[in-house]
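Okay, so here's the structure we're looking at.
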Amino acid sequence: MPHLNTGPGEYDLTASALILREIDGRLHLLVHRHRKLGLLMQPGGHVERTEDPWAAVAHELREESGYDLGQLLLLQPTHRIDHAPGIAVLPQPLCVDVHPIGDDHFHTDLLYGFVTTADPAGRPGDDESQELHWVPVDVLGTPEGPADLAPGLAEVARYASASMKASMLVTVTPPRANTFSVSTRWTSGSESQQPSSSTTSR
């Protein structure tokens, strides 16, 4: 999707997905090579004018990784708000950051955290990057890790890993996209154990 705001110094809102998976006893991060920037980064993209950030991350997941929300568990703080009268409470992102795109344009990104046990049910779209990699979290930001990782991604992945170990983040079943209203209560706050999948775990 092209930029919505194209004036000098303007910002676009984006939503992205940090997807973690344990492979051979080590926690890995899913990245793809961005076709324009050339960096290894998480799936994500622009929040369109007719959608909220949660709907945006759901469709970007399908388009850029082949994952459906039903294959994933959502990382959320142990203590969180899931309902408040008069507003729709969306899931909490792991991180909200601002980064430059080019010389005079910026993205404000809402980075959501997920855990999976399976390969994606689908494939990236034909016009999306087909180069996907699972990178061990423990090598991110080290000489053994990729040198072309998007800025800040290693820090967020390490934060998610450490917070899960410390039970500061728990996994819950993600809500469906395009279902939020001011009366929505999307989670009971109970911890979930296993995402559903139409594929077998590696």
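The values are calculated or read from the model by the stated rules, or taken from the named source; none is laboratory data. If you're wondering where the values come from, they're calculated on a predicted model, not measured in any experiment. For neighbour counting, all protein chains shown are included, and Cβ atoms are generated from backbone atoms with ideal geometry for every residue, glycine included. We work out accessible area using only protein heavy atoms, side chains counted, and drop any ligands, DNA or RNA first. Shrake-Rupley method; radii C 1.70, N 1.55, O 1.52, S 1.80 Å.
Remarks
- Ranking by accessible area, most exposed first, for LEU94, LEU132 with a 1.4 Å probe: LEU132, LEU94
- Most positive-pole-ward Cα, THR78, GLY113, PRO53, against dipole of region 46-164 from beta carbon charges: THR78
- Each Lys or Arg adds one and each Asp or Glu subtracts one; over the other residues with Cβ under 12 Å from the Cβ of ARG158, this totals -1.
- Ranked by solvent-accessible area (1.4 Å probe, protein heavy atoms only, all chains present), the residues HIS83, HIS28 order from largest to smallest as HIS83, HIS28.
- Protection proxy ranking of 150-159, 101-110, 62-71, by the mean of other Cβ atoms within 10 Å over each peptide's residues and highest first, is 62-71, 150-159, 101-110.
- Near PRO91: Cβ cut-off under 11 Å, other residues only, Lys/Arg at +1 and Asp/Glu at -1. The net charge is -1.
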